[in-house]
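Enquirer: Let me begin by handing over the structure; questions about it come next.
Just so you know, all these numbers are worked out from the coordinates, no wet-lab data involved. Computed from a prediction, not measured in an experiment: that's the story for all the values here. Note: ideal-geometry Cβ built from the backbone for every residue, glycine included; neighbour counts use all protein chains shown.
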Amino acid sequence: MSTVIWALSPHPPLLIPEVGGEALEQVRQTREGLEAVCRAVAESRPERLVLITPHGPVHPRAVPVFVVDRLTGNLGRFGHPEVTLGLDVDRALALALIRAAEERGVPVLALDESLAASRQVALELDHALMVPLYYLERAGVHVPAVVLSISWLPEEEHVRLGEALRDVLRGCPHRVAVVASGDLSHRLLDSGPYGFDEMGPVFDRRLLELLEKTDPAGILDLPEEMVERAGQCGVRPILTLLGSLEPGAQARIHSYEGPFGVGYAVAHFSLPEEPLARPTAGDDPRSPDHV
């Protein structure tokens, strides 16, 4: 078994200091949580990353997996094109994932230069990848990666994709960290980008409970109306992440807050030598004060 740690990262671009400026202080819990998770990833000494994004190219009937040599990106969409990041892609590991997914009957799409050109798809790091990658690099993690997106396939297919990923990583000669990027409800506040829906806070509280239990079946069982009304982008990356967990992996929720109407959760999962520390009652990230 070569997977050493799994992590969930939110991806508001304002977590990047050049973008966030003074607003960065309003997501202090998220920033500190992400710094702590990335330190934990660095301490696990990974030799490869697996990065899962909800904002890359999306295919309705197959999960795109990047099969290229290198990916780069910048935050020009957010007014800062000077903020650039890049990473090398482990093509062999990406192809191994594609084969394993196909063996499990999960439709996947090898997104290479030729296919991207024919579909007019940009081969680049999107902001959902750049935010955790920025903090990983600051923590000293500079290793090749496998990058995959999501599909509009049924959600359970993403769990099966995660299981295929677990199969591959068990035979991988490298130490691997799996990082899923995803935000929770986008409908927590009237002042938020998508307004308020009473299901937003309900969804976030329930999802945090299920994350702590590492329970993908519970997420799949969430009422469809609740998930739809919550307006989220994290369920499919989270299901892929949870599907890839080794039995016995335990969760630690580092932080949760939603000061701008979008829920930001930071967590990591590991097979610890001793029980993970739990937040104290006063620091419970599921407290209503954090919604």
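Enquirer: Between 44, 114, 149, find the one with the highest GNM mean-square fluctuation for the chain; connect C-alpha pairs within less than 10 Å.
Expert: Maximum among the listed residues: 114.
Enquirer: Once the dipole of region 136-228 is set up with Lys and Arg at +1 and Asp and Glu at -1 on Cβ about the Cα centre, which of 188, 214, 200 lies farthest towards its positive end?
Expert: Of 188, 214, 200, it is 214.
Enquirer: Something else: Compute the Cα gyration tensor for the chain, then decide on rounded, prolate or oblate, letting a ≥ b ≥ c be the square roots of its eigenvalues: rounded whenever a/c is under 1.5, prolate when a/b is larger than b/c in the other cases, and oblate in all that remain.
Expert: On the way: a/c = 1.31, a/b = 1.23, b/c = 1.07.
It is rounded, given that a/c, with a ≥ b ≥ c, falls under 1.5.
Enquirer: On full extension of the chain, what length is gained from residue 196 through residue 95, given 0.36 nm per residue of separation minus the C-alpha to C-alpha distance? The partial results should precede the final answer.
Expert: Working: separation 101, 0.36 × 101 = 36.36 nm, distance 4.18 nm.
That pair, residue 196 and residue 95, stretches by 32.2 nm at full extension.
Enquirer: Rank 203, 260, 269 by mean-square fluctuation in a GNM of the chain with C-alpha springs under 10 angstrom and give only the top-ranked residue.
Expert: 260
Enquirer: Which distance in Å, rounded to a whole number, links the C-alpha centroids of region 171-191 and region 72-100?
Expert: 15 Å
Enquirer: While we're looking at this one, here's another question. Antiparallel DSSP bridges in region 3-290: what percent, to the nearest 5? All intermediate terms of the calculation are to be shown ahead of the outcome.
Expert: Numbers: 18 of 39 bridges.
That works out to approximately 45 percent antiparallel.
Enquirer: Take the alpha-carbon centre of region 31-45, take the same for region 130-167, and report the distance between them in whole Å.
Expert: 16 Å
Enquirer: Could you work out which residue, out of 243, 200, 76, moves most in a Gaussian network model of the chain, that is, has the largest mean-square fluctuation with Cα springs under 10 Å?
Expert: Between 243, 200, 76, it is 76 that shows the largest mean-square fluctuation.
Enquirer: If you place +1 on the Cβ of every Lys and Arg, -1 on the Cβ of every Asp and Glu, and leave all else neutral, what size is the dipole of the chain about its Cα centre, to the nearest 20 Debye? All intermediate terms of the calculation are to be shown ahead of the outcome.
Expert: On the way: 26 positive and 42 negative charges, 117 e Å.
Value, rounded to 20: 560 debye.
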